[in-house]
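Before I ask anything, here is the structure I am working with.
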Amino acid sequence: MRSFVLNQQLSGSLLEEKGIQLFIKREDLFFPAIPGNKWRKLKYNVAFAQENGYEHIVSFGGAFSNHLSALATAGKLFGIKTTGIVRGELPSPLNSTLAQARVDGMHLLSVDRATYKTYTQNDDWTALKALYPSAYFIPEGGTNMLALKGCEEIVIESMMEYDYWCCPVGTGGTISGILSALDGKQQVLAFPALKGDFLQHQINKLTKAYTGECYTNYSVLSNYHFGGYAKYKPELIDFMLDFYAQHKIPLDPIYTGKMIYGIMDLMAMDFFPQGSRIVAVHTGGLQGIAGFNKRFGLALPTG
């Protein structure tokens with residue numbers, strides 16, 4: 001497993017004009033079999049399952065879930081049975097994400113959206129535990145206290161200090177781990193993939209449970225979700241294609257593409273003081289691009 005993650009500095013006219021240094025923390029290159037923040041979240045969960053004799057892990061996600069894809073791969077690599085509880089009906093034929101998860105040995109169980117909401121928003125797994133009494137359960141997106149422990153290492157392993165840490169946000173686990181590791185130092189910017197104002201409460205809840213603290217050195221920037229999860233607008237796609245042509249760094253349209261677009265937009269509006277050093281965490285998610293391209297007839301690069 002790789003223990004070194006590349007911090008890739010970008011160059012360009014806007015950066016030079018604003019006098020800003022921007023680095024991409026290439027978590028997408030970390031542990032290539034399960035890249036990005038997904039292995040950070042799963043690392044200690046898998047270890048816990050193994051140490052406590054669990055032979056089966058159950059978790060939750062949508063039809064294009066990076067988390068379920070990563071869990072299926074982890075199960076294959078470490079010899080653990082996996083079950084994915086999928087929101088809504090399974091597509092027929094299966095999309096590339098779920099098809100690969102099944103190839104990797106994951107059992108897929110679809111549930112209606114109301115039932116899924118009970119499982120994921122209320123953490124009410126009573127019915128599922130009756131089905132899988134000997135399984136270890138991981139919440140949606142892999143976000144629990146062990147996930148925060150893994151995501152802390154994104155900061156701990158960093159070789160540099162920054163004025164701003166930028167992170168795309170889904171369930172809040174990755175950014176909560178980053179905040180916990182920083183312990184109130186430096187500024188953290190959250191770029192949500194979802195619409196809604198629930199994230200600040202969720203992040204505070206996670207960090208309070210993990211460290212006993214609700215940190216104030218972060219902001220949730222809600223203007224760059226482009227319509228919400230799995231939604232996009234042409235200007236986002238055009239930006240991602242231009243970004244890849246210039247830097248040869250693939251971005252995913254759900255998380256990292258929106259974050260980098262937001263950073264560049266904020267930079268153009270002089271949000272960041274001159275001389276700022278910024279790091280953007282590339283959380284991976286590239287496995288889902290093939291399905292996204294097929295669904296919307298696009299041609300985003302996958303690597």
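The values are calculated or read from the model by the stated rules, or taken from the named source; none is laboratory data. Because the structure is a prediction, the values reported are computed rather than measured. Every residue, glycine among them, receives a Cβ derived from its backbone with ideal geometry; neighbour counts consider all protein chains shown.
Would you check which residues across the range 69-98 are surrounded by fewer than 22 Cβ atoms within 10 Å (Cβ to Cβ) and either touching a residue at least 60 places away in the same chain (Cβ under 8 Å) or in contact with a Cys (Cβ under 6 Å, 6 or more places away or on another chain) (or both) and list them?
Those that are surrounded by fewer than 22 Cβ atoms within 10 Å (Cβ to Cβ) and either touching a residue at least 60 places away in the same chain (Cβ under 8 Å) or in contact with a Cys (Cβ under 6 Å, 6 or more places away or on another chain) (or both): ASN95, SER96.
State which residue is modelled with the highest pLDDT when the search covers only the range 76-99 and only residues that are more than 16 Å from THR143 (Cβ to Cβ) and under 19 Å from the mean Cα position of the chain (by Cα).
Across the range 76-99, the extreme among qualifying residues is VAL86.
Taking the residues in the range 208-235 that are modelled with pLDDT of 95 or more and within 16 Å of GLY141 (Cβ to Cβ) as candidates, determine which candidate is surrounded by the most Cβ atoms within 10 Å (Cβ to Cβ).
Among those that are modelled with pLDDT of 95 or more and within 16 Å of GLY141 (Cβ to Cβ), it is TYR210.
With ILE263, ILE237, ILE249, ILE254 as the choices, which residue is in contact with a Cys (Cβ under 8 Å, 6 or more places away or on another chain) and of a type in the set (A, V, I, L, M)?
After applying the criteria, what remains is ILE263.
Scan the range 170-207 for residues that are at pLDDT 95 or above and either hydrophobic (A, V, I, L, M, F, W, C) or not assigned by TED's automatic domain parsing to the domain that holds LEU236 (or both) and report the count.
11
Further question on the same structure: Looking at the range 116-132, which of its residues are touching a residue at least 60 places away in the same chain (Cβ under 8 Å) and either among the β-branched types (Val, Ile, Thr) or in a strand (DSSP E or B) (or both)?
Residue satisfying the conditions is THR120 alone.
Having 1 or more residues that are outside the structural domain of ALA280 (by TED's automatic domain parsing) and among the small types (Gly, Ala, Ser) is the bar; report the strands (runs of 3 or more DSSP E) wholly within the range 1-98 that clear it.
Values: elements: 7-9, 21-25, 56-61, 81-87.
By residue number, 56-61, 81-87.
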